[in-house]
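See below for the structure under consideration.
The values are calculated or read from the model by the stated rules, or taken from the named source; none is laboratory data. Model, not experiment: these values are computed from the prediction. Glycine gets a Cβ as well: all are built from the backbone with ideal geometry, and neighbour counts include every protein chain shown.
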Amino acid sequence: MSNLPLERIRVWDLPTRVFHWLLAASVIGSVITAKIGGNAMPWHFRLGYLALALLVFRIVWGFVGGRWSRFASFFYPPRTVLRYLRGDVRPGDHFEVGHNPMGSFSVYALITLLAVQVGTGLVSDDEIANIGPLNKLVATETGLLATSWHKTWGQWILVTLILLHVCAILYYRYGKRTDLIGPMVSGDKLLPPDTPAAADDTRARVTALIVAAAGVALAVWVMRMAP
């Protein structure tokens, strides 16, 4: 790492930050509405459609977004993960900039599980009052299995991952004196001046709007397939 005075470097572009907080709100709202049930279930479905649009955006943005939001920036081979765990940090690793190896596991796990949760919700059928818009595309047994996963294991694992995520944030804040929330609000971190910055200009934001529009269009199409 450079010994030059630290400067504010743009790490998280605005689209990534908006995605992060909207997804957090949609997941929390989905869990709450599922627990309430009854008249809250229409909102559970709406939040699920929002999560679908957000996931589509994030997956695409992982390839075309700002430098530190791209999957390539936090896809670590096993030997790099082992070096990180041993504290063997080398020039050019940039572990302190975006997602470090352990943080990358959390991101991939959350995206994968959320995709499964949204997918199972879309084909679910509780045989009472709620049926997913894509349930008619799968066999009855498949829909029931998806519903069981969505309401039990999927929900429990998701809540566990969220709690672990929060615990990690608190550990970094109070154990390692590293603020992870502030940069996800402002977009900037104090880093060596030679740290590559993420693109966050008008062109990047217009691209993000186009990607987001595609995600919303897909979610609306799925929603209109509801019985």
Taking VAL211 and the conditions (1) exposed (fewer than 14 other Cβ atoms within 10 Å of the Cβ); (2) under 26 Å from ARG67 (Cβ atoms), which numbered condition does it fall short on, given that it satisfies the others? (1)
What number of residues within the range 82-101 satisfy the criterion of being modelled with pLDDT under 90 and of a type in the set (A, V, I, L, M)? 1
Are any residues in the range 189-208 more than 19 Å from ASP93 (Cα to Cα) and touching a residue at least 40 places away in the same chain (Cβ under 8 Å), and if so, which ones? ALA199, ASP200, ALA204, ARG205, THR207, ALA208
Being at pLDDT below 95, buried (at least 17 other Cβ atoms within 10 Å of the Cβ) and within 24 Å of VAL31 (Cα to Cα) narrows LEU164, LEU158, LEU134 down to just LEU158
Please state which of the following conditions GLY37 fails to meet, knowing it meets all the rest: (1) in contact with a Phe, Trp or Tyr (Cβ under 6 Å, 6 or more places away or on another chain); (2) closer than 24 Å to LEU134 by Cβ; (3) at pLDDT below 95; (4) not basic (Lys, Arg). (1)
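Let's see how each residue does on (1) part of a helix (DSSP H, G or I); (2) of a type in the set (Asp, Glu); (3) buried (at least 18 other Cβ atoms within 10 Å of the Cβ); (4) under 16 Å from the mean Cα position of the chain (by Cα):
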residue: ARG8; (1), (2), (3), (4): no, no, no, no
residue: VAL31; (1), (2), (3), (4): yes, no, no, yes
residue: GLY48; (1), (2), (3), (4): yes, no, yes, yes
residue: LEU54; (1), (2), (3), (4): yes, no, yes, yes
Condition (residue is part of a helix (DSSP H, G or I), surrounded by fewer than 16 Cβ atoms within 10 Å (Cβ to Cβ), under 17 Å from the mean Cα position of the chain (by Cα) and not charged (D, E, K, R)) applied to the range 84-104: is it met by at least one residue? yes
Selected residue [closer than 30 Å to GLN155 by Cβ and touching a residue at least 24 places away in the same chain (Cβ under 8 Å)] from LEU55, LEU14, LEU4, LEU47: LEU55
Could you check the range 145-227 for helices (runs of 4 or more DSSP H) lying wholly inside it with 1 or more residues that are touching a His at 6+ places or on another chain (Cβ under 8 Å)? 181-186
With respect to LEU161, is the statement that it is touching a residue at least 40 places away in the same chain (Cβ under 8 Å) and touching a helix residue (DSSP H, G or I) at 6+ places or on another chain (Cβ under 7 Å) true? yes
Take TRP61 and tell me if it is more than 22 Å from ILE157 (Cβ to Cβ), of a type in the set (A, V, I, L, M, F, W, C) and surrounded by fewer than 16 Cβ atoms within 10 Å (Cβ to Cβ). no
Selection from the range 191-208 of residues that are among the hydrophobic types (A, V, I, L, M, F, W, C) and either surrounded by 14 or more Cβ atoms within 10 Å (Cβ to Cβ) or modelled with pLDDT under 95 (or both): LEU191, ALA197, ALA198, ALA199, ALA204, ALA208
